Amino acid sequence: MENFDQEIKQIQLNNPSEINGDLKNYFSVITRADGRYKVIWGKPISTHIRHKVEALVKKHFVPALK
């Protein structure tokens, strides 16, 4: 999860005018009963940042299919 945290911080550094405070306070990641992950947004934020965060969640939380 260290890489995930670093990449979230990089998004935050690249978009300082759109994020007030810590980006990790804007969302939470929950695990559904079937094992899938879902991003829950607690604060409003622009769509392009949502897409970047959701891509990171997919990259770091979803196991690769073999």
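The values are calculated or read from the model by the stated rules, or taken from the named source; none is laboratory data. The model shown is predicted, which means the values in this text are computed figures rather than measured ones. For neighbour counting, all protein chains shown are included, and Cβ atoms are generated from backbone atoms with ideal geometry for every residue, glycine included. Note: accessible area is taken over every heavy atom of the protein model, side chains too, but ligands, DNA and RNA are not part of it. Shrake-Rupley method; radii C 1.70, N 1.55, O 1.52, S 1.80 Å.
Answer yes or no: is there a residue in the range 12-24 that is out of contact with any strand residue (DSSP E or B) (no Cβ under 9 Å at 6 or more places or on another chain), loosely packed, with under 11 Cβ neighbours inside 10 Å and in a helix (DSSP H, G or I).
Let us first name the residues in the range 12-24 that are out of contact with any strand residue (DSSP E or B) (no Cβ under 9 Å at 6 or more places or on another chain), namely 12-24.
Remaining after also requiring loosely packed, with under 11 Cβ neighbours inside 10 Å: 13, 16-17, 21-22.
After this cut, where a residue has to be in a helix (DSSP H, G or I) as well, the list is 13.
Among the residues of the range 12-24, at least one is out of contact with any strand residue (DSSP E or B) (no Cβ under 9 Å at 6 or more places or on another chain), loosely packed, with under 11 Cβ neighbours inside 10 Å and in a helix (DSSP H, G or I), which makes the answer yes.
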How about the range 52-66: which of its residues are open to solvent by 70 Å² or more (accessible area, probe 1.4 Å) and either at positive phi or at pLDDT 90 or above (or both)? 52, 54, 58, 59
How many residues are touching a residue at least 24 places away in the same chain (Cβ under 8 Å), within 16 Å of residue 61 (Cα to Cα) and of a type in the set (Val, Ile, Thr) when one looks only at the range 1-50? 2
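Looking only at the range 38-51, which residues are open to solvent by less than 90 Å² (accessible area, probe 1.4 Å) and not aliphatic (A, V, I, L, M)? Walk me through how you get there before you give the answer.
Initially, the range 38-51 is screened for residues open to solvent by less than 90 Å² (accessible area, probe 1.4 Å), giving 38-43, 45-50.
Those that are open to solvent by less than 90 Å² (accessible area, probe 1.4 Å) and not aliphatic (A, V, I, L, M): 38, 41, 42, 43, 46, 47, 48, 50.
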State whether the residues of the range 1-8 include one that is at pLDDT below 95, aliphatic (A, V, I, L, M) and in contact with a strand residue (DSSP E or B) (Cβ under 6 Å, 6 or more places away or on another chain). no
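For residue 30, indicate whether it is exposed (fewer than 11 other Cβ atoms within 10 Å of the Cβ), at pLDDT 95 or above and assigned to a strand (DSSP E or B).
On the way: exposed (fewer than 11 other Cβ atoms within 10 Å of the Cβ): yes; at pLDDT 95 or above: no; assigned to a strand (DSSP E or B): yes.
It is false that residue 30 is exposed (fewer than 11 other Cβ atoms within 10 Å of the Cβ), at pLDDT 95 or above and assigned to a strand (DSSP E or B).
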